[in-house]
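Written below as structure tokens is the structure these notes are about.
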Amino acid sequence: MSLVLRCNVVNVEDSRIFGVKILTMECDKANIKMDIHKDLNPVEKGEKVNVGIYKFIPQYVKGVDFVAHGYVITKRVQDDIVKLYISLWGYLVIISTRYEDIVRDFNYMDKVYVKLWK
């Protein structure tokens, strides 16, 4: 089971937590907000990026792609928007979509891998 989205990075901003950036991405069927350590961030504002959520370890290029594993911590519906919350060991990824089917296969406490690549 996996979800792969093609996204535009619309914002990269400093978090209130030192050394943490918040990525805001607009994708074809979803929007993503993601915390990432500044030293691990592979993208800049205005770039196109692929975002993958997998239940298995994806293939990646070491030192080029970002890959981390974590857990789905909640899934909720709010104003016809489905939000999937993933914790990457404290760093939060929030996927918001009107298309429930793209996140249907992910449930509470699923171990997932998040991959960012260009």
Which of (1) assigned to a loop (DSSP other than H, G, I, E, B); (2) closer than 20 Å to CYS7 by Cα is the odd one out, the single condition LEU92 does not satisfy?
(1)
LYS111 passes all but one of the listed conditions (1) loosely packed, with under 12 Cβ neighbours inside 10 Å; (2) of a type outside the set (Asp, Glu); (3) at pLDDT below 95; the exception is number (3)
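Could you tell me whether the stretch 48-59 includes any residue that is part of a strand (DSSP E or B), out of contact with any Leu (no Cβ under 9 Å at 6 or more places or on another chain) and of a type in the set (Val, Ile, Thr)? Lay out the reasoning, then the answer.
Narrowing the stretch 48-59 to residues part of a strand (DSSP E or B): 48-54.
Applying the additional criterion that residues be out of contact with any Leu (no Cβ under 9 Å at 6 or more places or on another chain) yields 48.
Applying the additional criterion that residues be of a type in the set (Val, Ile, Thr) yields none.
No, every residue in the stretch 48-59 fails to be part of a strand (DSSP E or B), out of contact with any Leu (no Cβ under 9 Å at 6 or more places or on another chain) and of a type in the set (Val, Ile, Thr).
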Would you say VAL77 is assigned to a strand (DSSP E or B), at negative phi and at pLDDT 95 or above?
no
Provide a single number: the residues in the stretch 60-72 that are in a strand (DSSP E or B) and either under 17 Å from LYS118 (Cα atoms) or over 13 Å from the mean Cα position of the chain (by Cα) (or both).
3
Examine the stretch 92-106 for a residue that is in contact with a Ser or Thr (Cβ under 7 Å, 6 or more places away or on another chain) and modelled with pLDDT under 95, and state whether such a residue exists.
yes
Go through the stretch 1-44 and tell me which strands (runs of 3 or more DSSP E), entirely inside it, have 3 or more residues that are in contact (Cβ under 8 Å) with a residue 40 or more places away in the chain and surrounded by 12 or more Cβ atoms within 10 Å (Cβ to Cβ).
2-14, 31-37
Of the residues in the stretch 77-87, those that are closer than 22 Å to VAL67 by Cα and crowded, with 19+ Cβ neighbours inside 10 Å come to LEU84, ILE86
Can you tell me which residue among ILE22, ILE32 is in contact with a Ser or Thr (Cβ under 7 Å, 6 or more places away or on another chain) and of a type in the set (Val, Ile, Thr)?
ILE22
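The values are calculated or read from the model by the stated rules, or taken from the named source; none is laboratory data. Note that the structure is predicted; figures quoted are calculated from it, not measured. Using ideal geometry, Cβ is built from the backbone for each residue, glycine included, and neighbour counts are taken over all protein chains shown.
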